[in-house]
1. Which condition from (1) in contact with a strand residue (DSSP E or B) (Cβ under 8 Å, 6 or more places away or on another chain); (2) on the phi < 0 side of the Ramachandran plot; (3) at pLDDT 90 or above is the one that residue 29 breaks?
2. For region 117-128, name all the residues that are over 17 Å from residue 62 (Cβ atoms) and surrounded by 14 or more Cβ atoms within 10 Å (Cβ to Cβ).
3. Which of the residues belonging to region 83-108 are surrounded by fewer than 17 Cβ atoms within 10 Å (Cβ to Cβ), closer than 16 Å to residue 42 by Cα and in contact (Cβ under 8 Å) with a residue 24 or more places away in the chain?
4. Residues in region 74-123 that are over 13 Å from residue 64 (Cα atoms) and not in a strand (DSSP E or B): how many?
5. Run residue 111 past the list (1) surrounded by 12 or more Cβ atoms within 10 Å (Cβ to Cβ); (2) over 13 Å from the mean Cα position of the chain (by Cα) and report the number of the one that doesn't hold.
C-alpha cells in the first residue's frame, strides 16, 4: 500500500504542473527509484560527477545510487560509452564505497562522502588515487 502511494505521488510530481508538487531542496524530499529519499546527506540518488586526471572516457559521467532492499544497495555509473556496475557496495550514513572493473582488467575502488547536494571522494586506481566530485541531479521545479 505504502509503495503504491509513493508511486502515485511520484507520478503526480512528474505530470502535474503545480509548483508545490515538485521536489525541491528546500523541502529536503526527492522522488527517486520508487522511494522518497531525504536529501540532506543521503547518498541515494543521481549524481553528475567528474574525476580529475582520469582518462577522457572515464572523466565525466552520471552515478546512480539506489537502495534495492533494506540496506542492500546498487550503484551504476553511466559513461559516454556504456554503463558500469558497482560491486561490493557499502553505504554507511553519508559515505559510499564500491568497486568497479574497468575494461575487465583493472579493479578500482571508489570512496565518496556526501555533504548536502555535493559528493566528493577518491577513486583508487593502479596509477594512484584520483579526486572525484559531483552534484546531485535534481528534478526540475
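The values are calculated or read from the model by the stated rules, or taken from the named source; none is laboratory data. These numbers were taken from a predicted model, which means no experiment stands behind them. Cβ sites come from the backbone with ideal geometry, for glycine too, and all protein chains shown count toward neighbours.
1. (3)
2. Across region 117-128, the qualifying residues are 122, 124, 125.
3. 93, 94, 95
4. The number of residues fulfilling the criteria is 9.
5. Result: residue 111 passes all but (2).
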